Amino acid sequence: MVSDALAEALDLTTFWEYREVLLRGLAFNVYTFLAAATVSIAIGLAAALLRVNRLRPLRWAGTVHVELFRNAPDYIMVVWVHFVLPLLLGKLLGSRIEFDPFVSAVIALGFVYSGYFAETFRTGIQAIPLGHLEAARACGMSERQILWRITLPQVVRRMLPEAVNIFVSQFKATTIISLIAVPDLMYRVGMVLQQEMKPLPLYTGAALTYFIVVYLFAGTVRALSERWRNRIYA
Amino acid sequence: MHVESGVDAVPAIRVVDLHKRFGTLDVLRGVSFDVRRGDVVSMIGASGSGKSTLLRCINRLETPSSGEVYIDGEPMGHRGQGDAKARSLAEINMMRRDLGMVFQQFNLWPHMTVLGNVIEAPIRVRGMSRREATALGEECLARVHLEEKSKEYPARLSGGQQQRVAIARALAMRPKAMLFDEPTSSLDPELTDEVLVVMRELAADGTTMIVVTHEMGFAREASDRVLFLHNGLIEEEGPPSQVFGAPKSERCRQFLSKHVQ
Ligand SMILES: Nc1ncnc2c1ncn2[C@@H]1O[C@H](COP(=O)(O)OP(=O)(O)O)[C@@H](O)[C@H]1O
Ligand SMILES: [Mg+2]
């Protein structure tokens, strides 16, 4: 019995038969991830800059952002953004609003992970020695030039390993967007299941696929960036 | 305004009645002095006497509580004489181009090559083309004898080499004066000489310099004037022969007896 189930689970021919439609689903995971990661980085950076601002109300706003989104479960955020947010906005604007599921997924996962990026950016920004900034000021560089030319290039190098970890979590979180009917890999596995009734190989195949993508992505980024990152250390 | 003859009538740096307070701590209590063009002024004094604060007030890394600094006759903090409006940060950035600063901790930017460090401000602040800046950067690296290191990253250099790159970086802005804040104090003794050699060469070339230092040999031999700072005031001031040879102040005498072997 057990070995039968095992053999069935490891027999990936069903998964392979449907590879084209399934992998097209994986593309949705990748798109969602790329768009959400972009949103997370932009908003995370903005929140981090608030958190290191001189003005207390701005620092406070940054902290609220971080705590709110870091502590919001992905699952609930996706559902909330897709079903509740349009209602609220609709009431506010007095019209009927609906979000495309893909847009909801990007907003939800983008905001949730912006909380993690904000903290990573902030730690990185605060780790830059004040002297580096003073040397730039003494040369007449503006605060904006210092941020983009002196601070952030060092922050990115320092935070990249941690950022890869966040990216991995964020990519894995894209597996829940089938909940709001984004036709991703999991969504399509569900569709195929209705015809084939072979859950074991299909789920095993999906798990393996996600694993391979994440493993290759993280490994490649780490390997390619290592020299570039470590140049700044003695 | 009074009129004097000759260009040198206007000092390169004029510090007038500078005060700096941190909370209740009076760090500078009315400091005034001039640095003429081409002069090297060494500033000595015990730790905590306000030397760094004075340098940092000159290029406005610190904002003075009162008093003014003039660069080539231009007030650093205000748009004109008297009670004219305070300068904006953008204007202060413009004025800072004219003052090169070298720090005790080098403060090179570790993600840029040696040449990258030197040409960054000429490109971003002076608006030079990369080609123009590179030629200038190589010339400045040659002045500190590091032209062959231009493609290295700072982490691969010794402390003495890093400090010389920091000097080249300041020179590349073609400043009217250079400010040195204990440039050799965080170097191993065997590395201080290569930095002092470069500084002596700059001095001999007619660079206007204010040098905060504990290197009494440099202060005595390379400077035109020596200031001894004590508790936020200039306690003794004069040519090195006088300050080292016949100090008037008892505190200066004591300080020198501890620091000159
Ligand atoms: N940013 C600051 N805030 C408060 N106190 C300061 C600050 N910078 C310097 N001080 C104080 O001012 C005094 C003079 O410091 P500094 O100018 O660094 O002296 P020096 O360079 O002669 O050793 C010291 O007592 C120091 O603790
Ligand atoms: Mg000091």
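The values are calculated or read from the model by the stated rules, or taken from the named source; none is laboratory data. Since the structure is predicted, the reported quantities are computational estimates derived from the model, not experimental observations. Here the Cβ is made from the backbone with ideal geometry for all residues, glycine too, and neighbour counts use every protein chain on show. What goes into the accessible areas is simple: the full protein's heavy atoms, side chains included, and nothing from ligands, DNA or RNA. Shrake-Rupley method; radii C 1.70, N 1.55, O 1.52, S 1.80 Å.
Take the solvent-accessible surface of the protein heavy atoms, probe 1.4 Å, and return the percent of it on region A:2-229 that carbon and sulfur atoms account for.
Of all accessible area on region A:2-229, carbon and sulfur atoms account for 66 percent.
Tell me the accessible surface of residue B:94 in square angstrom (1.4 angstrom probe, heavy atoms of protein chains only), to the nearest ten.
Near enough 110 Å² of accessible area.
Using a 1.4 Å probe on the protein heavy atoms only, what accessible surface does residue B:87 show? Give it in Å² to the nearest 10.
Roll a 1.4 Å probe over it and residue B:87 shows about 40 Å².
Taking one equal scatterer on every alpha-carbon of chain B, how large is log10 of I(q)/I(0) by Debye at q = 0.07, 0.08 1/Å?
Rounded to two decimals, the profile gives -0.24, -0.32.
When the dipole is taken about the Cα centre of region A:46-149, and only Lys, Arg (+1) and Asp, Glu (-1) are charged at their Cβ, what size is it in debye, to the nearest 20?
Around 420 debye, computed over region A:46-149.
When only the heavy atoms of the protein chains count and the probe is 1.4 Å, how do B:258, A:198, B:85 rank by accessible area, highest first?
Reading off the accessible areas and sorting them downward yields B:258, B:85, A:198.
Could you state the number of Å between the C-alpha centres of region A:198-217 and region A:54-88?
31
Where only protein heavy atoms count, and the probe is 1.4 Å, what is the accessible area per residue for chain B in Å²?
Here the residues of chain B average 44 Å² of exposed surface.
Highest GNM mean-square fluctuation, chain A, Cα pairs closer than 10 Å: which of A:25, A:131, A:115?
Judging by the Gaussian network model, the answer is A:131.
For region A:2-229, report the accessible area per residue in Å² (1.4 Å probe, heavy atoms, rounded to an integer).
Per-residue accessible area for region A:2-229 comes out at 53 Å².
With each label point set 7 Å from Cα along the Cα-Cβ vector, what nm distance links residue A:6 and residue A:96?
According to this spin-label approximation, the distance is 5.6 nm.
Spin-label point model (7 Å from Cα, Cβ direction): what's the residue B:258 to residue B:233 distance in nm?
Between residue B:258 and residue B:233, the simple spin-label model gives 1.9 nm.
Angle, helix A:185-196 long axis vs. longest principal axis of chain A, Cα atoms, 0 to 90°, nearest 10?
0
Of A:121, A:111, which has the most accessible area and how do the rest follow, probe 1.4 Å?
A:111, A:121
What is the distance in Å between the Cα centroid of region A:112-187 and that of region B:181-207?
Comparing the Cα centres of region A:112-187 and region B:181-207, I get a distance of 39 Å.
Take the Cβ-Cβ distance between residue A:16 and residue A:214 as r, set R0 to 25 Å, and report the resulting FRET efficiency rounded to the nearest 0.05.
Working from the Cβ atoms, E equals 0.75.
I'd like the accessible area for residue A:80: 1.4 Å probe, protein heavy atoms, all chains in place, Å² to the nearest 10.
Accessible area of residue A:80: about 100 Å².
For region B:34-110 and region B:220-261, what is the separation of their Cα centres, given in Å?
Computed from Cα coordinates, the inter-centre distance equals 22 Å.
Taking +1 at the Cβ of each Lys and Arg and -1 at the Cβ of each Asp and Glu, which of B:229, B:135, A:50 sits farthest along the dipole of the protein assembly as shown towards its positive end, judged by Cα position relative to the Cα centre?
The Cα lying farthest towards the positive end belongs to A:50.
Add -39500 (n - 2.57) for each DSSP H run of 4 or more in chain A, then divide by its residues: what number comes out at 222 nm, to the nearest 500 deg cm²/dmol?
It lands at -25500 deg cm²/dmol.
Lys/Arg Cβ at +1, Asp/Glu Cβ at -1, dipole of chain B taken about the Cα centre: which of B:22, B:71, B:107 is farthest positive-ward?
B:22
Bins of 10 Å, beginning at zero and ending with the bin holding the largest distance: percent of Cα pairs per bin for region B:122-261, please.
In whole percents, the pair-distance histogram is 11, 36, 30, 16, 6, 0.
Pairs on different chains or at least eight residues apart, Cα atoms closer than 28 Å: how many lysine pairs in the protein assembly as shown fit?
14
Can you list the residues of region B:73-121 whose accessible area drops by at least 30 Å² going from the chain on its own to the full set of protein chains, with a 1.4 Å probe?
B:93, B:96, B:103, B:107, B:109, B:110, B:111, B:120
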